[in-house]
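Note sheet for the following structure.
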Amino acid sequence: MKYLAGLLLLLASVAPAAELNLEQVAERLPDAPILRADFRQQQHLALLPKPLTATGDLVLARDRGLLWTVCTPFESEIKLIGGTLYSDGEASTLPGGEAFAQRLMDVLSGNIEALEPHFNIRASEQGEEWRLQLTPRNDALARVLTGIRLGGKHGPAFFRLDYPNGDYSITHLSNVEYPQRLSDDEERRFATPR
Amino acid sequence: MPRRVSPGLLLWLVLVALAATACGVKLQGTWLDSDLLSMLPDNPLPDRVRTLTEQHENRFADRTLWLVPGDNAEQAAAHSRQLRELLNTSDLFRETGPQLDPEQLTRRYQALRAHRFHLLSPDDRRRLNKDPQALVENARARLFGPFGVSGDQWRGDPLFLFEHYLQALAPFSLELADGVPLATDGERYWGVTTATVRGGGFALDRQGRLLDLTRRAQVRWPDLQVTGAPLYTAAGADSARREISTVGLFSLAAVASLFLIIFAGPRPMLLSLVSVATGLLCGLAATLWWFGQIQLLALVFGAGLIGVAVDYSIHFFCLRLDQPDLPPRQLLRLLWAPLALALASSVLGYLAMGLAAFPGLRQVAMFSAAGLAGAWLTVMLALPSLSGPAPAVTRQRLLARVGVWRRAWPAWCRRRTLLLAVAALLLAVGLGRLVPDDDVRHYQSPPAWLQAHGERIQALLPRGGSRYFVVHGATPEQWWQRERALSEQLNALERRRDGRALQGHRAISDLWQPPEQQSAVYRALGERLYQHPRFTEYLQQLGLGDDSLARQRRAFDQAAGATLPLNAWLAAVNDEGLSAQWGGCDTQGCTSLVQLTGLSQPSAVAALAQPRQGRYFIDRAGAISTILGALREHLAWLLLGAYLLSGLVLMAARGPARALRLLGVPALASVSTLAALGWLQGGYGLITVLALYLLLGIGIDYAIFFSQPETRRNAAALAVLLSAATTSLSFGLLSLSDTRLVADFGLTLLIGIISAALIAPLLAARPQPRASA
């Protein structure tokens, strides 16, 4: 798995897209066991008058899982450990099962090799940034998710999920770090799921 | 040699022809029953419970499970397709699959959607009662979680309760590729294939073909993993059969060489073989005619019978070596009494086993009695005509040497009282170390590769085990309440802080409630969420106004009364596993099955069983172990009965004091054997007791022959040593078997026979008798 130092990016870019192959993207991705970042997630749902915006921070650790902490508008924490989702101390299985969690972690870490069996992937370049457009190969997944886009200068700096009715959510990462080890607090949070 | 065929020989030929025809007729079809369980009496469960248990077990009894790897999903699916083709062309399987419908989950979603306000996951039901605000907070966390949500989904399920419910229905949904379910270990994909073997009774010839097919598939996909009851049965029967035939061959070779050397010609050897073969043929014929089939265990025991059956002809030929001048008929006149006594006491002993309440043991009794009688009749009827001219080599030196041993050995022992005391102490300690071991799992020893595959598959694809609950209630309401109560107690065991007794369970009543409770859930949802200010507040926080709230409440109101009866629910969910857990309702009530996963403390879980409350814990292996224990105990008492019966026969022939000495040979040999087992492995089981039965027959033979008049004792001693050498050679080989059952049997007999041969001259030969036997 590869992780990278990514920069905060803005989505809209006027630079023309150039073709890029997957190996070239893979070369740019950093190889680190842990990704720590702040995030800002916006959900554009047609039924809502304005986008839902959440900010917080996340820790993604190889072979451990994901800690997703929301600071605004409400404080909450979601942990994804060993295929189980823990939401405010309650364990539940995941929407779409363990596979979906794995895909999401692969997207966050830019693990192209793991994503390839499940998506048709198109790579391109916009300015200094790479872009990947993922289309589900699997019909069942395609019915709930039409596509995933992600991009960045080194590692992924944003990802966007597109739904069949035109709704989409986009999450930007900032202050990305690649520490060699987890902090004591993070270790504790992974060790005690509930 | 007589020109005319003697009446005895004619009679013997008729006997052999009859037995051979009987075997020939019965040996077609499924004559060998390798299922250890068919030895046992039927299960004492109520009808309904037993039906569901049998259905459940039959689903697995004939099913094999194959996992083929691929680097990606498509490759794994393609390999699975090829595998299924290979399996289908073999004609061994009734059904291969599964071919899953990728739309299944979508259809389930659509079928249940109208009932979504009446069906909640167990966790959400609990939270709705205790802390409804937590449900709102959970929904918000989900909304702002990493996965995002589409507006369409949110509109129909604003609190994600339906999402939770669907997840509870399908806790591990496998990915599909081309309709093939896939398991994954993070690196590779494994295409899952199930194949059900044809026919309930899994015939022996097909077992071999199943193993061949498995090997062929493994050549093609070296990492293929396969498991399933038919494979275990096939592998077990295969190794037992192979070992028995290897051991049988080696045993024959050993007997043959010893005979060739000692008797300096092939005739005694061939005739002994004829006698043993006739015995086995008679045993097999009698058992097959009486019972229709023969149990593997009875066959193993029967193979051991060679050790007793060969004695009769050995005695004949040894005596002939000693007294070459006597014609065969006169030799038999001398041997008739001791041989008849040996036969009568052994047969009576074995018939005691026929009193057992277990069908398998009655087979063993029948096989032994008929087999010994057949071998004995061969010696009596056929040997005089067929034994040929007197031996050219008389082996006087060998006989003399054996005579020196049999006289010197008791004297040597008498002089070493200290050694005897130490031996007695060793015996006592050894016996003290002996504990019964009836765990049937110790006796099923599949080949290492099959066990490794089973474990690998369990890691890739966790499945329910062979231990589960069946719940019965006189009415649908009572059934539901009882299953519910069990489920709550299982929950408590799953959450225990000091180590979980099990990982999880799957019960219909967790996922489906009776219509009244569904309505109660609907009312509570209205009062505590949809009509409650906290729901209004939740929508406002998302920036939604009154029209959105009105739309949500309208959808909720319209769903009023949309309850779902059980059968309609099962149809809507359309899950093979859940449907199989439902036993249905009839005039006696309703029955269901509760699956358990990850059982780490079986006893804690088993303690929840309450048969009076219609709650049965089914643990086939555990139940079998209990029955094996009962069987062993039962058989041990019968063994005492067999000693008593044999003792009575001996007493009638020789008087009480001599009878006691004679019986002392097998008895002391058995005690020595048990003590040795106590030192060697500590445990003994049913098969050990069975071996002690054979030892009774062998020991009595040895004893009777040592107690003959002094003039014939050298010949008797040679016969006993020869018999002990040949049989312990073959049983010694059995003790190396991979099948624990066979190995235990062999080891017990090996030690027992050597002990009996050493003890016989000590006990049976003294005091010097005056009268002829």
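Tabulated data
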{"item": "Stokes-Einstein D for chain B, Kirkwood Rh over Cα pairs, 4 °C, 1.567 mPa s (µm²/s)", "result": "42"}
{"item": "Globularity ratio of region B:634-707, using Cα Rg and 2.2 N^0.38 Å", "result": "1.13"}
{"item": "Region B:34-154: equivalent-ellipsoid semi-axes (sqrt of 5 x gyration tensor eigenvalues, Cα, Å)", "result": "41, 28, 14"}
{"item": "Value at 222 nm in deg cm²/dmol, rounded to 500, when DSSP H runs of n ≥ 4 in chain B each add -39,500 (n - 2.57)", "result": "-21500 deg cm²/dmol"}
{"item": "Table column - 3J(HN,Hα) (Hz), region A:43-49, Karplus curve with 6.51, -1.76, 1.60, x for Gly and Pro", "result": "10, 9, 10, 4, 7, 9, x"}
{"item": "Cα-based reach from A:LYS153 at 13 Å (exclusive), listing aspartates and glutamates while leaving out same-chain residues under 8 positions away", "result": "A:GLU27, A:GLU125, A:GLU128, A:GLU129"}
{"item": "Share of Cα-Cα pairs in the protein assembly as shown lying beyond 45 Å, as whole percent", "result": "48"}
{"item": "Loop-resident sites, region B:60-110, for GluC sites (Glu not before Pro), counting at most 14 other Cβ within 10 Å (DSSP)", "result": "B:GLU103"}
{"item": "Under the Karplus curve 6.51 cos²θ - 1.76 cosθ + 1.60, θ = phi - 60°, whole-Hz ³J(HN,Hα) for region B:544-560, x wherever Gly or Pro sits", "result": "9, x, 5, 5, 5, 4, 4, 5, 4, 5, 5, 4, 5, 4, 5, 7, 4"}
{"item": "Of all DSSP beta bridges in the protein assembly as shown, antiparallel share, percent nearest 5", "result": "95"}
{"item": "Value of Rg/Rh across region B:301-346 [Cα atoms, Kirkwood radius]", "result": "1.04"}
{"item": "DSSP bridge orientation in chain B - percent antiparallel, rounded to nearest 5", "result": "90"}
{"item": "Derived scalar couplings ³J(HN,Hα) [region B:640-657; Karplus, 6.51 cos²θ - 1.76 cosθ + 1.60; whole Hz; x for Gly, Pro]", "result": "4, x, 5, 4, 4, 5, 4, x, 4, 4, 5, 5, 4, 8, 10, x, x, 5"}
{"item": "Under 15 Å from A:LYS79, Cα to Cα: aspartates and glutamates that are on another chain or at least 8 residues apart", "result": "A:ASP57, A:ASP63, A:ASP88, A:GLU90, A:GLU98, A:ASP185, A:GLU186, A:GLU187"}
{"item": "Largest-first principal axis extents, alpha carbons of region B:385-445, Å", "result": "55, 41, 18"}
{"item": "Cβ-placed point charges (K, R +1; D, E -1), dipole of chain B about Cα centre in debye, nearest 20", "result": "3520"}
{"item": "Dipole of the protein assembly as shown [Lys/Arg +1, Asp/Glu -1 at C-beta], most positive-end residue of B:HIS79, A:HIS118, B:ALA382", "result": "B:ALA382"}
{"item": "Partner aspartates and glutamates for A:LYS50 [C-alpha distance under 19 Å; skip if fewer than 8 residues away on the same chain]", "result": "A:ASP162, A:ASP167, B:ASP152, B:GLU537, B:ASP546, B:ASP547"}
{"item": "Globularity ratio of region B:665-704, using Cα Rg and 2.2 N^0.38 Å", "result": "1.16"}
{"item": "Computed magnitude of the charge dipole of the protein assembly as shown (debye, nearest 20; Cβ of K, R +1, Cβ of D, E -1)", "result": "5140"}
{"item": "Average accessible area per residue (Å²) across chain B - probe 1.4 Å, nucleic acids and ligands excluded", "result": "42"}
{"item": "Computed P(r) (all Cα pairs; region B:533-625; 5 Å bins; percent)", "result": "3, 9, 12, 12, 10, 10, 9, 8, 9, 9, 5, 2, 1, 0"}
{"item": "Per chain B, cysteines lacking a partner by the 4.7 Å Cβ criterion", "result": "B:CYS23, B:CYS282, B:CYS318, B:CYS413"}
{"item": "Hull-based mean projected area of region B:568-668, where the convex hull spans the alpha carbons, in square nanometres", "result": "12.8"}
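The values are calculated or read from the model by the stated rules, or taken from the named source; none is laboratory data. No experiment lies behind these values; they were computed from the predicted model shown. Ideal geometry is used to build each Cβ from the backbone, glycine not excepted, and the neighbour counts take in all protein chains shown. In case anyone asks, the SASA skips ligands and DNA or RNA and just uses the protein heavy atoms, side chains included. Shrake-Rupley method; radii C 1.70, N 1.55, O 1.52, S 1.80 Å.
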